[in-house]
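J.: The structure is given below, and queries will be raised subsequently.
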Ligand code: GLU
Ligand code: ZN
């Protein structure tokens, strides 16, 4: 049996997370690939919320999903808050649709009630395993007679609804992995409705893909084993006239590996999208990196914009091999995007990190004009936006930040003498970066020190840290009085230490 696939102009893809917990980077990679595919083809991205598991789904998680997609700029064409012709887009609002389809499947003989208890299933599965037989559902309730059903009911048994898998292999061409075949003994009849009547993911996901006329299913490799089941269900739906009768094409995106070559798990702290947002990753930086998890725009090219990704994205170029999540590379790519921003945009992007709760200074101590002078110097040095706070705090705090390691490193024996000389030189210098540099150079010469060594105690005295923005521009902005007062305070501390 061959399944019709859609032409490019009709592309309809979906991003359909379950609202459980916080969004993670693997999920966002899936959203991104679907979005890029839809945009590349001028198609439609459907955003569907798979909230049929009341025990695990939460409203908070739902709101976070929407908020995350908005922050990332991954817009959707149909779904929550924008609606569309195939709604509603929250599965919790589609219960009647599923009940109706489940009934049709049973009437058509594509599904049947299964009265086996989980204890009975366990015992039989164990026996099959011992005898080396396939251990999926054994089909016991496939052809129950009306009398057998009545007897089970009389016993007070409840039943689930099971989908009847065809007794033939299922073959499909995965857009990433090529042709795949699943033997019938490995894909057995499976539950689609719980004993309490609640429809399962196994039913609602393909039913909605059919009803929403999804043409391409791009999703994580972890779902590959459910694909032959879904294809069989699709074919049943087509026979029942549910949906437009076409089976979507499937493409399974490679696993994302974390530390120690283990699959990156949702619970991995590195996996949480919120973490990246709070550290001040740029959406374009993070998405650029996530796009590399299984795809590449060209050999030897890591940095590109989302528009460039859209123009180039082809699912056929996705690599089936597991992708490794490399935080260092993710940071480096973000830093490049930060550097490439126009300065005014960078200044605006820094804003949240210059205020409570991130900024350690009193709100009235903040000086926007002074910040804007330093911003271009900071822009080339940040990995993430939140780094801005420590880079400029010397300007807005009453006293420099205390960093013991920096102090210990810069204030070794002898530092006091250099600092004292530097103080004298600085006090006599014109208050411009160039003259301040001359002053510290001269102080260094007196002690036989190069500029780098001579400026270290000055930097720590004034900013609290051994690393930071170019020192002399910083001193110029800080001003003579505050600079000298800080050097004096450091000298006092050194003298009494
Ligand atoms: N709600 C499913 C999940 O989050 C969607 C799987 C799919 O894309 O088919 O795992
Ligand atoms: Zn059964």
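The values are calculated or read from the model by the stated rules, or taken from the named source; none is laboratory data. The shown structure was predicted, so the numbers you read here are calculated from the model rather than taken from an experiment. Glycine gets a Cβ as well: all are built from the backbone with ideal geometry, and neighbour counts include every protein chain shown.
J.: What single numbered condition from (1) within 22 Å of residue 203 (Cα to Cα); (2) more than 13 Å from ligand 2 (Cβ to nearest atom) fails to hold for residue 126?
T.: (1)
J.: Looking only at the range 112-123, which residues are more than 12 Å from ligand 2 (Cβ to nearest atom) and closer than 12 Å to residue 191 by Cα?
T.: If the condition is that a residue be more than 12 Å from ligand 2 (Cβ to nearest atom) and closer than 12 Å to residue 191 by Cα, then no residue fits.
J.: Could I ask something else about it? I'm trying to understand the selection: among the residues of the range 2-19, which are at pLDDT below 95 and either within 16 Å of ligand 2 (Cβ to nearest atom) or in a loop (DSSP other than H, G, I, E, B) (or both)? Reasoning before the result, please.
T.: Looking only at the range 2-19, we keep the residues that are at pLDDT below 95, and these are 2-10.
Answer for the range 2-19, where residues must be at pLDDT below 95 and either within 16 Å of ligand 2 (Cβ to nearest atom) or in a loop (DSSP other than H, G, I, E, B) (or both): 2, 3, 4, 5, 6, 7.
J.: Would you confirm whether or not the range 430-440 contains a residue that is surrounded by fewer than 14 Cβ atoms within 10 Å (Cβ to Cβ), touching a residue at least 12 places away in the same chain (Cβ under 8 Å), closer than 23 Å to residue 371 by Cβ and within 39 Å of the chain's Cα centre (by Cα)?
T.: Checking the range 430-440: not a single residue is surrounded by fewer than 14 Cβ atoms within 10 Å (Cβ to Cβ), touching a residue at least 12 places away in the same chain (Cβ under 8 Å), closer than 23 Å to residue 371 by Cβ and within 39 Å of the chain's Cα centre (by Cα).
J.: Also, quick follow-up: Check 251, 245, 260, 191 and return the single one that is modelled with pLDDT under 95 and either within 16 Å of ligand 2 (Cβ to nearest atom) or touching a helix residue (DSSP H, G or I) at 6+ places or on another chain (Cβ under 6 Å) (or both).
T.: 245
J.: Oh, and also: Looking at 157, 162, 219, can you tell me which residue is within 16 Å of ligand 2 (Cβ to nearest atom) and closer than 22 Å to residue 50 by Cβ?
T.: From the options 157, 162, 219, the qualifying one is 162.
J.: Could you figure out which of (1) at pLDDT 95 or above; (2) in a loop (DSSP other than H, G, I, E, B); (3) within 28 Å of residue 239 (Cβ to Cβ) isn't true of residue 81?
T.: (3)
J.: Please specify each residue of the range 265-281 satisfying the condition of being surrounded by fewer than 21 Cβ atoms within 10 Å (Cβ to Cβ), under 18 Å from residue 353 (Cβ atoms) and either in contact (Cβ under 8 Å) with a residue 40 or more places away in the chain or in contact with a strand residue (DSSP E or B) (Cβ under 9 Å, 6 or more places away or on another chain) (or both).
T.: 274, 277, 278, 279 - these are the residues of the range 265-281 that are surrounded by fewer than 21 Cβ atoms within 10 Å (Cβ to Cβ), under 18 Å from residue 353 (Cβ atoms) and either in contact (Cβ under 8 Å) with a residue 40 or more places away in the chain or in contact with a strand residue (DSSP E or B) (Cβ under 9 Å, 6 or more places away or on another chain) (or both).
J.: For residue 228, work out the one condition from (1) within 14 Å of ligand 1 (Cβ to nearest atom); (2) touching a helix residue (DSSP H, G or I) at 6+ places or on another chain (Cβ under 8 Å) it doesn't fulfil.
T.: Checking residue 228 against (1) within 14 Å of ligand 1 (Cβ to nearest atom); (2) touching a helix residue (DSSP H, G or I) at 6+ places or on another chain (Cβ under 8 Å), the one that fails is (2).
J.: Going through the range 282-306 one residue at a time, which ones are surrounded by fewer than 17 Cβ atoms within 10 Å (Cβ to Cβ) and in contact with a helix residue (DSSP H, G or I) (Cβ under 9 Å, 6 or more places away or on another chain)?
T.: Correct list: 296, 298, 302, 303, 305.
J.: Given the range 106-220, what strands (runs of 3 or more DSSP E) lie entirely inside it while holding 3 or more residues that are within 16 Å of ligand 1 (Cβ to nearest atom), touching a strand residue (DSSP E or B) at 6+ places or on another chain (Cβ under 8 Å) and closer than 19 Å to residue 252 by Cα?
T.: Result: 216-220.
Matching residues to (1) crowded, with 20+ Cβ neighbours inside 10 Å; (2) closer than 30 Å to residue 284 by Cβ; (3) touching a helix residue (DSSP H, G or I) at 6+ places or on another chain (Cβ under 7 Å):
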site	(1), (2), (3)
80	no, yes, yes
93	no, no, no
104	no, no, yes
130	no, no, no
140	no, no, no
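J.: Quick one: what pairs do we get from the range 138-149, first residue at positive phi, second away from ligand 1 (no atom under 16 Å from the Cβ) and outside any helix (DSSP H, G or I), C-beta under 7 Å, 6+ apart or different chains?
T.: Every condition considered, the pairs that remain are 139/189.
Conditions (1) surrounded by 17 or more Cβ atoms within 10 Å (Cβ to Cβ); (2) more than 30 Å from the chain's Cα centre (by Cα); (3) within 29 Å of residue 42 (Cβ to Cβ), marked per residue:
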site: 184; (1), (2), (3): no, yes, no
site: 195; (1), (2), (3): no, yes, no
site: 205; (1), (2), (3): yes, no, yes
site: 210; (1), (2), (3): yes, no, yes
site: 213; (1), (2), (3): yes, no, yes
site: 216; (1), (2), (3): yes, no, yes
site: 223; (1), (2), (3): no, no, yes
site: 231; (1), (2), (3): yes, no, yes
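J.: Of the residues that make up the range 257-264, is at least one buried (at least 21 other Cβ atoms within 10 Å of the Cβ), assigned to a helix (DSSP H, G or I) and out of contact with any strand residue (DSSP E or B) (no Cβ under 8 Å at 6 or more places or on another chain)?
T.: no
J.: Taking the options 56, 70, 29, name whichever one is outside any loop (DSSP other than H, G, I, E, B) and within 13 Å of ligand 1 (Cβ to nearest atom). If you could, list the steps in order and put the result at the bottom.
T.: Values: 56 fails: outside any loop (DSSP other than H, G, I, E, B); 70 fails: within 13 Å of ligand 1 (Cβ to nearest atom).
Of 56, 70, 29, the one residue that is outside any loop (DSSP other than H, G, I, E, B) and within 13 Å of ligand 1 (Cβ to nearest atom) is 29.
J.: Take the range 375-419 and flag every residue that is surrounded by 16 or more Cβ atoms within 10 Å (Cβ to Cβ) and more than 25 Å from residue 361 (Cα to Cα).
T.: 411, 415, 416, 418, 419
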